[in-house]
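**Student:** Structure in structure tokens, see below.
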Amino acid sequence: MTSKRQPRYDKKEFARRGEALFESEIRPKVAKRNPRHFLAIDIESGAYEVDKDEIAACDRLLVRIPDAQIWLRKVGSRFARRFGGRGNVGLVDWLLACPEKGFFTPIDSETTDTL
């Protein structure tokens, strides 16, 4: 039986570490790569993988570092996925299907209809 990997950092620290590693060490190495490719970064070791498929990049990184704390982004963007601006049909289902079970959870939110 395998144990579930748990994040060891809160979301702000996760993002801070991931972006700091990208800016200081990884950006120069991937600058000429396809800007649409995904970049999976282990925020503890600085190891990373690049692939056009985010799952493939994460899977390869997990083979190398089984307990990796993965920050995911695109080579040419601070974000891995874009929310809004296009139809988000099925987005919640897609997020809940993440291989890291329990990482994304639905939350109650207030409507913005009255703003």
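Every number in this text was worked out from the coordinates using simple rules, so none of it is lab data. Computed from a predicted model, the values in this text were never measured in an experiment. Virtual Cβ from ideal backbone geometry, glycine too; neighbours counted across all protein chains shown.
**Student:** Write out the chymotrypsin sites (Phe, Trp or Tyr not before Pro) in the range 1-50 meeting two conditions: DSSP loop, and at most 16 other Cβ atoms within 10 Å of their Cβ.
**Tutor:** In loop regions of the range 1-50 (DSSP not H, G, I, E or B), the sparsely surrounded chymotrypsin sites (Phe, Trp or Tyr not before Pro) are TYR9.
**Student:** Residues with beta-carbon under 9 Å from that of ARG64, excluding ARG64: net charge, scoring Lys, Arg +1 and Asp, Glu -1?
**Tutor:** -1
**Student:** Just going by the charge dipole of the range 11-82, with Lys and Arg at +1 and Asp and Glu at -1 on Cβ, which of ASN34, CYS58, TYR48 is farthest out on the positive end?
**Tutor:** ASN34
**Student:** Let me ask something else. Under a plain spin-label model, where a point goes 7 Å from the Cα along Cα-to-Cβ, how far apart in nm are ARG27 and ASP53?
**Tutor:** According to this spin-label approximation, the distance is 3.0 nm.
**Student:** Can you give me the Rg/Rh ratio for the range 11-82, using Cα atoms for both radii and the Kirkwood formula for Rh?
**Tutor:** Looking at the range 11-82, the ratio lands at 0.92.
**Student:** Also: Can you flag which of LYS12/LYS52; LYS32/LYS74; LYS29/LYS74; LYS52/LYS74 are past 18 Å Cα-Cα?
**Tutor:** LYS12/LYS52
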